[in-house]
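Shown next, in structure tokens, is the structure this report addresses.
Quick note: the coordinates plus some simple rules give every number you see, no bench work behind them. All values derive from a computational prediction rather than experimental measurement. Every residue, glycine among them, receives a Cβ derived from its backbone with ideal geometry; neighbour counts consider all protein chains shown.
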Amino acid sequence: MVVNTMSRTVVLGVIGSDAHVVGITILEQALSAAGFDVVNLGVQSSQKEFADAAVEHSAEAVLVSSLYGHAEQDCQGFHEVLEEANVDALTYIGGNLAVGQDDFDQTRATFEELGFDRVFDSETDPEEAIAALERDLNITTTESEQVTVTS
Amino acid sequence: MVVNTMSRTVVLGVIGSDAHVVGITILEQALSAAGFDVVNLGVQSSQKEFADAAVEHSAEAVLVSSLYGHAEQDCQGFHEVLEEANVDALTYIGGNLAVGQDDFDQTRATFEELGFDRVFDSETDPEEAIAALERDLNITTTESEQVTVTS
Amino acid sequence: MIRDERIPSEELRRIDEEIRSGWTTGGAVDFEEAIAYHESLPARKQFADVLESADKPLLQPRAGVPRLDDQIELLEYLHEEGKADLLPTTIDSYTRDNEYGKAEEGLEKARKTGDDTLNGFPAVNHGIEGCRELIEAIDAPIEVRHGTPDARLLAAITFAGGFQSFEGGPISYNIPYTKRHGLEETIEKWQFVDRLAGAYTERGVRINREPFGPLTGTLVPPSIAIAIMIVEGQLAATQGVRSITLGYGQVGNVVQDVAALNALQKLGDEYLPDEVCVTTVFHEWMGGFPPDEARANGVIGLGGMTAAIAKPDKVITKSPQEFQGVPTKEANSAGLRTTRQVIDMAIEQKIDIDGIAEEQDLIERETRCLMDSIFEHGDGDIVRGTLEAFDSGALDVPFAPSDSARGAVLPARDDDGRVRIFEWADLEMDDEIKEIHRARLSQRADTEGRDQSFRMVADDVDAISDGKLIGRPQGDA
Amino acid sequence: MIRDERIPSEELRRIDEEIRSGWTTGGAVDFEEAIAYHESLPARKQFADVLESADKPLLQPRAGVPRLDDQIELLEYLHEEGKADLLPTTIDSYTRDNEYGKAEEGLEKARKTGDDTLNGFPAVNHGIEGCRELIEAIDAPIEVRHGTPDARLLAAITFAGGFQSFEGGPISYNIPYTKRHGLEETIEKWQFVDRLAGAYTERGVRINREPFGPLTGTLVPPSIAIAIMIVEGQLAATQGVRSITLGYGQVGNVVQDVAALNALQKLGDEYLPDEVCVTTVFHEWMGGFPPDEARANGVIGLGGMTAAIAKPDKVITKSPQEFQGVPTKEANSAGLRTTRQVIDMAIEQKIDIDGIAEEQDLIERETRCLMDSIFEHGDGDIVRGTLEAFDSGALDVPFAPSDSARGAVLPARDDDGRVRIFEWADLEMDDEIKEIHRARLSQRADTEGRDQSFRMVADDVDAISDGKLIGRPQGDA
């Protein structure tokens, strides 16, 4: 288990009308175990709920999950909402981001264009996302070297 | 169980290169139980073996089984062989008589033309064949009325 | 605050009239005429009687398409080709959200274009006439399956339309399905549904009610599912329902699944009033399926085998196309026939597995802990108790999207593949039982040479779709 | 009369030379060079080692097509898409009849037209080079499967060609396959095959030998199959074989199948010399399959479940297309993956079923009766004993087409679906055991309200393809 000396807050949730809860439940556990303070908004969270929580908890990262294939639609204008609320946090998105997607590079480009810092597919292990987060937030851990990052 | 007062002999066997033994094994049991004397030639029996056995045992019926789809070929000239041996017995044939057969009436006509007195498909119960045999041999039994004959 | 009390007749009438005014088809409901209609149905369409008198598990698939003619064709196919004993009519999502206007648009579009613009059969829009046409066309009993938090109008119309079985309940159609519906709200609404079913029952038309046992479908510990089934069964019984089918979703461990189905029947009989006829339904694996029809058939085969041993009254089957979503009618029918073959080959065999009694005993003890806690939380009232227990976290469902449940409990499989509780959060449970779970999970951790952690949970969630029961660490980890 | 004695080296050489002159490809065999070739193969292609060191059941399909390139493609597919652990090469019918000339014609036609003019891979015609090309192309061990009464040349060429496992035996490839081959003749010919395998074994190249356990594939009582497996294992051991896989075909009753596989391993270890490594192979149902892929998947699922409980060393899988004959490679691979999913989900579960020990005890007692009778018939010599016992009917196989067996024994299922003996004919068996069978069948007769008769046998033969295990009388009978 990776334990950090300094505690960082991340906001986590499933965007849109999506009710897939298993992924974020496990991600919440993994983030907590890795030493993060996690604000879990749960499923069916709106763009505004993400922004409000990020402001309230001074989050350093906003992690968006979407598994029902309508992520692109649900994330239109999301970064503008964050900007208006003066949220200056990393933004990650992961899950089944497009219906019947064949080409993940294409999907990644789409979501990077929308403003996300990192884009993960549904096969991504929690460890992988956490390792990326630690790198992006310049958190040094004794074990992070062992984790293979493929993003 | 139907028990007859007079004992009649039938010859039973699988013709050609066919090695399907289950059907005639059960038919042998059924015929014995119905009071017939059964000469079971087993699988892979030639036309001549049927004829020889019929002569030797003075058989009143010759029952031919075929399940591998080559019955028509295996039975070409069969009735001529029986005639040459002076066999004057009923001849029945049953089983999967044609490869990929859809129309059993067609198949029945083919084998009746070859000289068989009755033609049965592979779904025929032993009882049905025996009931037909009893009728054709004018055997009166107390129970034969109960058996439905659809041939 | 609402309590577990029967809705008075005048209140029933008042709500009924209010509800039926919610959509045009509601006006056609005439209770007396509906009773006469049900009485006119032949014995083989009387759901409760057919289910309760069966001498082996009856099979039922899932199926719903928007157009009436298509639904008739689909159910006829599943009945004739799939040899389903009982048939379903799955309702579309708009109806589940009480958006009858949107359902109407979808239905009209479906009628015009022939496309399936809805993901189910909008029974409210089809109205009583449409429902009855379906009931009359199909030579078997049909159940309404949906996932609707407020199913009052759906119940009013489908009951009057001739359906005699109705899935769902205030917890089981809330917690796993929606985020923001309050539990008190859904209990109140389902009290009406049950009361309406009770009104038919009083007149001799026993409407079968079936709480949805699999809940979130993801490694739900049997005792949690059974406690919720008992609560929903009790709520229905209070309102006069007399035919109740308690549900359970396969977890994949044969001993635990058989033990759970035994416990479900035993505790159901024990907790519910004597005048209720309690039956059970076993759902084939509701978690993620392998993305491969051949492997999916293996999952279905294990489900059939479990059903043959446990002998529930009903089995809801899966199809080999489960991974990709709604199956073709051929695949749906294949799932039925594969299940049937396994059950028919195995059910006459005496298969008594060691350890079922012990596992059943553990499940019963756990369930009693939860039930005791619910009664305590409610000072003897099961409605108040359920609300308070969910509120305090003493009752919880893993992976619940709903705000009404903590969703803080986390399950993991033990070394034998049985579902145990890894994270208890505030779930009410005897320490002795918690110790048993801890010991079993510790045994698994030893086998795998790793600590007990959420990684086990994560690995277990994906295990069956990856081809195993237990999410063991991979060689390259 | 031949006896169970090792063929002397000079005799081995003499027969070997004579046999190899039977077809042009025989000349290329060079024993020393072949030993070196086997030694050069990587560990993952060493059949006996891979099989004996596996920690769970390995899966193997059936497959054989005439052309080498097609056979490579087929086995690659089954290895990669079906995830088969071990691969087969099924030999064509002409080769089984030693008609190498006709096989050559068929092969040439297949090469010209691309059609599968033969029903298997004519390994003799492909010769050592062809065989080795196949061995090298496939990254897994490969077994030769055939059904050849006189398999001497086939063995000489496939052993030298790099195959390290060879199915069959003098009884198991005679009694179920042909009518007129004498048993003495096939024993003599298989003594050579085993002696040749023993010669490789002596030099460190352990050729695995696998007697064909399912025999006639039709309700064979376990003890009869096991006795024949022990006899063939002993004959092979005498000739120097040290890796022997005893086979058993599923009868469909889980308790009896698990008990039989346990007994097979136990009695194999007991009867065969210590220096032999005995493993077991379980054949998924070899009787008639339902004419419906969905139902066939149910049969396969039950087979996988049985394998998960009994844990044999190897499982030979069936495909959902079994009914129609040779499956497509996709269906063959689907059968593998369905079996794999069931085994992988169930094998880590502790599933101890009551009554397995008792059934195993019964099977062992029956088998010992048969073995005692064989030894008595032969005055201690197992070859003479086998010949005399088949001759007297003390040893028999139900539904045997061969003139070498009486085929007078008739099996039927009891009320639990276990295969019992209805007609003993002259089979040697303790009266006490006969009484047990009689009582079990009488119980079934009572349940069904009919007399014990051949009708049960007939009904049982068709039961699984009709969707049930036990052939109960139909309602309309």
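Just a few scattered comments:
- The tail of the calculated P(r) for the protein assembly as shown, taken as Cα-Cα distances beyond 56 Å, holds 28 percent of the pairs.
- Backbone geometry of region C:431-447 corresponds, through the Karplus equation with coefficients 6.51, -1.76 and 1.60 at θ = phi - 60°, to 3J(HN,Hα) couplings of 4, 4, 5, 4, 5, 4, 4, 4, 5, 5, 6, 5, 4, 5, 4, 4, 4 Hz, x marking Gly and Pro.
- Estimated vicinal HN-Hα couplings, Hz - region C:66-82 in sequence order (Karplus 6.51, -1.76, 1.60; Gly, Pro = x): x, 7, 4, 5, 5, 5, 4, 5, 5, 5, 4, 4, 5, 6, 7, 8, x
- Per-residue ellipticity at 222 nm computed for chain D from its helices equals -16000 deg cm²/dmol, with DSSP H segments shorter than 4 residues left out and the rest contributing -39,500 (n - 2.57).
- Here region D:37-76 and region C:120-138 have alpha carbon centers that stand 57 Å from each other.
- Placing unit charges on the Cβ atoms only, positive for Lys and Arg and negative for Asp and Glu, gives chain D a dipole magnitude near 760 debye about its Cα centre.
- Based on the Kirkwood approach, the hydrodynamic radius assigned to region C:54-192 is 15.2 Å, with every pair of different Cα atoms included.
- The listed peptides C:428-437, C:286-295, B:52-61, ordered by packing as a protection proxy, come out as C:286-295, B:52-61, C:428-437 (highest mean of other Cβ atoms within 10 Å first).
- Distance from the alpha carbon centroid of region A:82-119 to that of region A:28-50 works out to 17 angstrom.
- Here the peptides D:4-16, C:327-339 are ranked by packing, the mean other Cβ count within 10 Å, and the order with the highest first is C:327-339, D:4-16.
- Exam field: D:Y77 pseudo-label spacings to other copies (7 Å along Cα-Cβ), nanometres: 2.8
- Given charges at Cβ of Lys, Arg, Asp, Glu: region D:75-229 dipole, positive-most of D:V193, D:I135, D:Q164: D:V193
- Under 5 Å between amide hydrogens, built in the peptide plane, is the criterion, and for B:G13 it picks out B:L41, B:L63, B:S65 among residues at least 5 positions away or on other chains.
- Cα principal axis extents for chain C, largest first, Å: 65, 51, 41
- Remark: the protein assembly as shown carries a charge dipole of roughly 200 debye about the Cα centre, counting +1 on each Lys and Arg Cβ and -1 on each Asp and Glu Cβ.
- A Cβ-based charge dipole, computed about the Cα centre of region C:1-138 with Lys and Arg at +1 and Asp and Glu at -1, lands at about 280 debye.
- Charge tally for C:G303 (other residues, Cβ to Cβ under 12 Å; Lys, Arg +1; Asp, Glu -1): -1.
- Charge tally in the Cβ shell below 15 Å around C:M456, where Lys, Arg are +1 and Asp, Glu are -1, C:M456 excluded: -4
- Taking every residue in D:400-407 and counting other chain Cβ atoms within 10 Å of its Cβ, the average works out to 4.
- Out-of-range pairs (alpha-carbon distance over 23 Å; input D:K83/D:K109; D:K189/D:K318; C:K56/C:K266): D:K83/D:K109; D:K189/D:K318
- Looking down the axis that turns chain D into chain C, the chain D residue with its beta carbon nearest that axis, and the gap rounded to whole angstrom, comes out as D:G301, 1.
- Anisotropy class of region D:272-321 from Cα gyration tensor, a/c 1.5 cut: prolate
- Cβ-vector label at 7 Å, C:D431, separations to other copies in nm: 6.6
- Each other copy places its own label point for A:N86 at 12.3 nm from this one, sorted shortest first, where the point lies 7 Å along the Cα-to-beta carbon line.
- Across the cross-link table entries C:K102/C:K179; C:K311/D:K468; C:K468/D:K350; D:K179/D:K468; C:K45/C:K329, which are compared at the Cα atoms, the separations over 27 Å belong to D:K179/D:K468.
- Distance from the alpha carbon centroid of region D:250-325 to that of region C:388-403 works out to 46 angstrom.
- Here the relative contact order of chain B, from alpha carbon pairs under 8 Å that lie six or more residues apart, stands at 23 percent.
- For peptide C:347-357, the mean count of partner chain Cβ atoms within 10 Å of a residue's Cβ comes to 6.
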